[in-house]
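Only one structure is covered here, and it is reproduced in the block below.
The values are calculated or read from the model by the stated rules, or taken from the named source; none is laboratory data. Since we're looking at a predicted model, the values are computed, not measured. Cβ: placed from backbone, ideal geometry, glycine included. Neighbour counts: every protein chain shown. Note: accessible area is taken over every heavy atom of the protein model, side chains too, but ligands, DNA and RNA are not part of it. Shrake-Rupley method; radii C 1.70, N 1.55, O 1.52, S 1.80 Å.
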Amino acid sequence: MTTAVPVLTRWFGYMDSDDPDRVLGMIADDFTMSVQFSKGAGRSAEFVGDRAGLVAYLAQREKSTLIHHIDIGAVAGAYELVVGRTTRDGAFEASFNATAQLDSTGAVRRLLIARTPEVAFVR
C-alpha cells in the first residue's frame, strides 16, 4: 500500500526543477545526510554532511535532467520512506530509496538516499 509522503514528494520535486537549492529551506538546523550514489559497474560515491554537505552535493548535480518517480511511499511516525526510480528523457536511469526523519515542524533532520542503475524494480 502506498501512502502520501508530502515532504519527500516536495524534496524530489525541487531536486528535479531548475532551482533545486530550494531544498535548503526544508532542512532542520541539525540536518545530517548521506547520499550513496552509484553510476553502476562498481563506481560509486558518497556525499555526506550537514547543510554544507548538501550545498556541495547540489553544486555538483546536473540540473533539470533527471526526473524522480516515487513508486512506493510510507510514513512511520516522524519518518517518510520511498522506493522509486529516476528517468532521463523518459528512459530508466536508476532505482533509489530514501528515508527522511522529520522534526516536529516537518523539517528534514536526517536524510539517507541510495541509488543504483544496477537494480530495476519492474512494476
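A few comments on the model shown:
- Global geometry of the stretch 1-55, whether rounded, prolate or oblate, following the gyration tensor of its Cα atoms and the 1.5 cut on a/c: oblate
- Local electrostatic count at residue 18 - Lys and Arg +1, Asp and Glu -1, tallied over other residues with Cβ under 15 Å: -1
- For the stretch 95-104, the Karplus equation 6.51 cos²θ - 1.76 cosθ + 1.60, evaluated at θ = phi - 60°, returns couplings of 9, 9, 10, 9, 10, 10, 9, 9, 8, 5 Hz by residue, with Gly and Pro reported as x.
- In this structure the stretch 21-123 gives 56 Å² per residue of accessible area when probed at 1.4 Å with all protein chains present.
- Taking a sphere under 13 Å around the Cβ of residue 43 and counting the other residues whose Cβ falls inside, with K and R at +1 and D and E at -1, yields a net charge of 0.
- The chain - percent of accessible surface contributed by carbon and sulfur, probe 1.4 Å: 55
- When the chymotrypsin sites (Phe, Trp or Tyr not before Pro) in the stretch 40-123 are filtered for DSSP coil states and for at most 14 other beta-carbon atoms within 10 Å of their beta-carbon, the remaining sites are 121.
- Shape box of the chain [Cα atoms, principal axes, largest first, Å]: 37, 35, 27
- Note on residue 18: accessible area approximately 130 square angstrom, rounded to 10, probe 1.4 Å, nucleic acids and ligands left out.
- Only Lys, Arg (+1) and Asp, Glu (-1) charged, at Cβ; the stretch 8-123 dipole about Cα centre in debye: 240
- The residues neighbouring residue 33, those whose beta-carbon lies less than 15 Å from its own, together hold a net charge of -2 under the Lys/Arg +1, Asp/Glu -1 convention.
- The helix-based estimate of mean residue ellipticity at 222 nm for the chain, built from -39,500 (n - 2.57) per DSSP H run of four or more residues and divided by its residue count, is -5000 deg cm²/dmol to the nearest 500.
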